[in-house]
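Here, each number is a calculation from the coordinates, and none is a lab measurement. All figures in this text were calculated on a predicted structure; none of them were measured in a lab. Neighbour counts are summed over all protein chains in view; Cβ atoms, including those assigned to glycine, are modelled from backbone coordinates with ideal geometry.
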Amino acid sequence: MAISSSMYNGVSGMNSFSTALEVTSDNVANSGTTGFKSNTARFGDMVSSYYNTQSKDTDRRGSGSMVMKIATDYAQGPMVNTSSWSDMAINGPGYFCLAKSIDADGAVEGKSFYSRDGSFYMDKDGYLVNSQGYHVLGSDDGRGVPIRVEENPSDPVYTNYYVDNVGQIWGYHVNPPDETRLNVEHSEASGTLALVYDEDGELDPFDPQDEQVWDYGTFSIDAQGRWTYALDINNDDVQELVNGQTLTETITVTTGSGETETIDLTIVGPNDVTTAAWWDPQKIENPVQIVIFPNEGGLIRQGGNLFLPGPTSKDAVDVTRDPALRGDINGYTLENSNVDLAKEMVNMIIYQASYNANTKTITTSRDMLDTTINLIR
C-alpha cells in the first residue's frame with residue numbers, strides 16, 4: 001500500500017540524514033586534529049517496483065534515499081607555527097611514512113603507515129617518532145629507513161636542529177674539535193689567534209704573512225693574529241684524496257720576539273659528509289621520506305591520523321627527491337584540520353531540518369492510515 005510505503009521512505013530518509021549528521025559531528029570533533037581531512041556524506045535514491053498508472057511509461061517507484069559513500073576532502077589545511085624543530089608540515093602533495101616497529105638492527109618490521117600529521121619528537125633511543133611512537137622513515141634511494149637523530153640522546157653530538165624544505169635534518173656540533181677541517185667544497189678557513197704579550201705586558205704582535213705558500217694551500221696572517229687559509233684544490237695530493245682519507249697541514253707562526261704558535265688544519269676526502277667546517281651545520285641521516293599515491297581517494301582511514309593504501313589507491317610512490325611531484329616541508333610548522341566549521345554548522349541545520357521533515361511524512365502517513373481505518377465506523 002502506498003501509505004505504508006511512504007512510511008518506509010520516511011524511515012530511509014531519517015537513516016540517511018542521521019548518518020550525514022554523524023559524519024558532520026565527526027568533522028566538528030576533529031576541527032582541531034592535526035592533518036585531519038573532512039568528510040561529506042553523498043546521498044543516492046532508491047527505487048523498487050513500478051508505479052500503478054495508466055501511462056505507457058514505466059515509471060519506477062521511489063523507495064527513499066540512502067548514503068552512497070563518505071567522500072573525503074584531501075585539500076590542504078592551514079599551517080600553524082610551533083616552537084619545535086621536529087614539527088613538520090608538507091606544503092603541497094605528499095605523505096609522511098611511518099613504521100610501527102623496527103628490529104634490533106633498525107630495519108622496518110611489518111607494514112608502513114602514512115600521515116599528514118608531522119608532530120614528531122626524538123625518543124629515548126634517539127629515533128624520530130610520532131605521538132604514538134611510530135618511527136618516522138627517511139628515504140635511502142627509495143627504501144624507507146628509520147631516522148635516528150642521535151645515537152645517545154643523553155650525550156648528544158648535535159644541537160640547534162632544523163629541517164630544510166626537502167626534509168633534510170641538520171644540526172650543529174655541540175663540542176666542535178679543536179682542529180679545522182676543510183675539503184674541496186669548504187676550501188677556505190679563517191680565525192683569530194689569541195694575542196701574545198711579553199714579560200712586561202706589552203703586546204707582542206705576530207709577524208705578518210701575505211699568501212704564504214704551504215704544502216696544500218696559501219696562508220695569510222696580520223699582526224693582530226687574524227688569519228686565513230685557502231686550500232689549493234688543484235694540488236695533486238688533494239686531488240688524490242678519496243672519501244675518508246685525510247691530509248694534515250700544520251701552520252707555524254711567530255711573533256716579533258720569536259714566540260711560536262701553531263694552527264692545525266685537516267683536509268679530508270671530497271665526499272665525506274663530515275668534511276664541512278665544524279662550525280657549519282651537518283647533515284643528519286637520510287631526508288624525511290615523502291610519498292604520493294596515484295589515487296589518493298583510495299586511502300583507508302585508520303585512526304590516529306594514519307592512512308593505509310586501499311585496493312584502488314595503488315602503491316606509494318617515493319617522491320622525496322622529486323620536487324615537481326611533492327610539496328615542500330616547513331619546519332616549526334604543523335598542518336591543521338581542513339574542516340570548515342561554518343560549513344559544518346550550515347550542514348547541521350540542513351540535516352536536522354531534513355530529518356524532521358522525514359518524521360513528518362511518517363506521522364502524516366499514520367494519520368492517513370487512521371482515517372482509512374475509521375471508515376468502517
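Data table
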item	result
Projected label distance in nm at Thr312 and Thr40, using a 7 Å step from Cα toward the beta-carbon	1.6 nm
The chain: angle of helix 341-373 to the longest principal axis, Cα-based, in degrees nearest 10	20 degrees
Highest-MSF residue in the chain out of Gly217, Gly138, Gly126 [GNM, Cα springs under 10 Å]	Gly217
Local net charge near Val28, Cβ-Cβ under 13 Å (Lys/Arg +1, Asp/Glu -1)	-3
Under 26 Å from Lys124, Cα to Cα: lysines that are on another chain or at least 8 residues apart	Lys100, Lys111, Lys283
Positive-end residue of Asn338, Gln352, Pro323, charge dipole of the stretch 316-369 with Cβ unit charges	Gln352
Part-to-part distance (alpha-carbon centres) for the stretch 278-352 and the stretch 10-42, which is given in Å	21 Å
Structure-based [θ]222 nm, the chain - -39500 (n - 2.57) summed over DSSP H runs of at least 4, per residue, nearest 500	-6000 deg cm²/dmol
Gaussian network model of the chain, Cα within-10 Å springs - most flexible of Leu306, Leu231, Leu98	Leu231
Extension gain, Met66 back to Lys111 (0.36 nm per residue minus Cα-Cα distance, nm)	12.7 nm
Packing-based exposure ordering (other Cβ within 10 Å, fewest first) of Glu335, Glu109, Glu199	Glu199, Glu109, Glu335
Rounded to 10°, Cα long-axis angle of helix 2-29 versus longest principal axis of the chain	20 degrees
Sequence of Met14, Met79 once ranked by neighbouring C-beta atoms within 10 Å, starting from the fewest	Met79, Met14
Label of the coordinate-derived value, Rg and Dmax of the Cα atoms in Å, listed as (1) 19.4, 60; (2) 34.6, 132; (3) 24.1, 75	(2)
Calculated FRET efficiency for the pair Ser190/Thr250, C-beta based, R₀ 22 Å, to 0.05	0.85
For the chain, share of DSSP beta bridges that run antiparallel, in % to the nearest 5	95 percent
Extension gain, Glu259 back to Gln282 (0.36 nm per residue minus Cα-Cα distance, nm)	4.7 nm
Straight-distance crosslink candidates among lysines, where the alpha carbon sits under 28 Å from Lys360 and sequence neighbours closer than 8 are dropped	Lys69, Lys343
Whole-angstrom gap from the stretch 92-114 to the stretch 221-254, using each part's C-alpha centre	44 Å
Burial ordering of Val288, Val67, Val145, fewest other beta-carbon atoms within 10 Å first	Val67, Val145, Val288
Check: the chain dipole with +1 on Lys, Arg Cβ and -1 on Asp, Glu Cβ, in debye	5360 debye
At R0 = 51 Å, FRET efficiency that the Cβ-Cβ distance of Gln209 and Met348 yields, to 0.05	0.05
Most mobile listed residue (Tyr162, Tyr355, Tyr197) in the chain, GNM with C-alpha springs under 10 Å	Tyr197
